[in-house]
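A quick write-up on the structure given underneath.
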Amino acid sequence: MATTTDLGKPVGVTLDRYITLAQDAFTIATGELSQLLRDIGLAAKILNREITRSGLLDLEGAFGAQNVQGEAQQKLDVVANIRFKRALTNGGQVCALISEEEQEVITINPDANYLVAMDPLDGSSNIDVNVSIGTIFSIYRRKSEKGSQVTEEDVLQPGRDQVAAGYVLYGSSTMLVYTTGRGVNGFTYGPTIGEFFLSHHNIKCTPDGKIYSINDGYWNEMSEELRAFIQKCREDGCTARYIGSLVADVHRNLLKGGIYIYPPLPKYPDGKLRLMYEANALAMIVEQTGGKASDGRQRILDIPVRDFHQRTPLFIGSANLVDECLQMIS
Ligand code: P6P
C-alpha cells in the first residue's frame, strides 16, 4: 500500500547528470560523447515543444516535397531534420551526419570524432492523427584521422560498431531511451521543468513475450511460413498490437515483451525499414536488454552496409519469440 513517503519520492537524476556520472565511470572518456548525447537531448526538447503544439503551429500535414526515398515529407519531418542538424552542428562533436531526410552524407565538423545516423522523425504520417512518433539515432566513432576528410569506411560501418544508440518517443509522455553499450536507460521529459529525468533504469526485455506486431493487411503477401508463425502466436494466446509507428511498437514490446515484424514484401523485397538509421539503433538497444534483432537470416548488427539508405527486413523483440519465428520461417 502506498504511503505518504512514496508520494514524496525525490525527483530522479536528470539526463545531464546521468551522462556525467556514466562518463566519470570511464577514466578514458574525454567528454565528447557525453556532449553529443546532451546535444541530442537538447534537440529532442526543442522538437518535443513543436510536436506537442503542431496542430496550433500549422506544422501538420505534408511539406510538399519528397525525401530521398520518394516519400512525401511531412512538415515536421523537415523541422525535425533542421533541429537535429543544427543541434549537432552547434555541439561540435559530429564530423558527419546521415539522415533519412538527406540525399547525401552531411559533413559537419572535420575535427570531430563521431558520426550520427538518424531518422529525425519516424512515423510522421501519424502526426495528424495524434499517434506517437519517434526519433531514432545511432552514433559511430570515425575510423579515419581526426581533421581529415570523412571516408566511405567512416560512413558504411556495420551496426555492431555503434558506440551508442537511442530513440526519443513523443507519446503520452516524451521519453529518451539510449545505450552506450552498458545497459539501456529511459528518461522521461518533465515539460514544466524542461529536463529529462531517469525513469526506467536498466531496462530488460522479457525473453517470452505475448504480443506480436505486424501489419496483417499484408497477410496475402506474407510467406506461408510467416503466416504459420503468426497463427501459432494466436493459438499461444498472444495479442496483436500494431501502432504503425516503429519506435512506439518496439518500445512497448521492450517494456512488456513481444515481437515486431516488418517482413520482405513484394513492394519492399528488402523490407521497408532502413538499416543504418532505424534497424541498427533499435537492434543495439534491444540486444542490450536481452532481446534479439534479425533480418530473418542474420543478426541485424552484423549486416554489411553497402549503401547508407539501404533497407532491411526486421524481426525484433523478445529473444525466445524471435528465435521461434526465425526457426519457423527459415
Ligand atoms: P506500414 C512508418 O512509416 C514506418 O516507417 C514505421 O514507423 C512503421 O512501423 C512502418 O513504417 C509502418 O509501415 O507498411 O505497416 O504502414
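A few remarks follow.
- Cα centroid separation - the range 186-256 against the range 142-159, whole Å: 33 Å
- Screening the chain for whole DSSP H helices of 18 Å or more along their axis (Cα) with average Kyte-Doolittle hydropathy at least 1.6 returns none.
- For the range 44-110: rounded, prolate or oblate by the Cα gyration tensor [a/c cutoff 1.5]: oblate
- Gained length - residue 16 relative to residue 145, 0.36 nm times residue gap less alpha-carbon distance: 43.6 nm
- For the chain, modelled as a GNM whose springs connect Cα atoms under 10 angstrom apart, the maximal fluctuation among 24, 270, 111 occurs at 24.
- Along the axis of the charge dipole computed for the range 230-317 (Cβ charges of +1 for Lys and Arg, -1 for Asp and Glu, origin at the Cα centre), the listed residues 277, 242, 304 are led at the positive end by 242.
- Straight-line reach from residue 256: taking Cα to Cα under 14 Å and skipping same-chain neighbours fewer than 8 places apart, the aspartates and glutamates in range are 208.
- Counting only residues at least eight positions apart within a chain, or on another chain, the lysines with an alpha carbon under 25 Å from that of residue 45 are 9, 75, 85.
- Ellipsoid fit via the Cα gyration tensor, the range 211-329: semi-axes of 20, 17, 13 Å, each the root of five times an eigenvalue, largest first.
- Global geometry of the range 10-200, whether rounded, prolate or oblate, following the gyration tensor of its Cα atoms and the 1.5 cut on a/c: oblate
- Gaussian network model of the chain, Cα within-10 Å springs - most flexible of 211, 259, 46: 46
- For the chain, the cysteines with no partner cysteine C-beta closer than 4.7 Å are 95, 205, 325.
- Over 33 Å [Cα-Cα, the chain], rounded percent: 24 percent
- As a proxy for reagent exposure, ranking 18, 218 by other Cβ atoms within 10 Å from fewest up yields 218, 18.
- Structure-based [θ]222 nm, the chain - -39500 (n - 2.57) summed over DSSP H runs of at least 4, per residue, nearest 500: -9000 deg cm²/dmol
- Net length gained if the chain between residue 235 and residue 221 were fully extended (0.36 nm per residue, minus Cα distance): 2.9 nm
Quick note: the coordinates plus some simple rules give every number you see, no bench work behind them. Please read these numbers as outputs of a predicted model, since none were measured by experiment. Note that we place each Cβ from the backbone using ideal geometry, even for glycine, and neighbour counts take in every protein chain shown.
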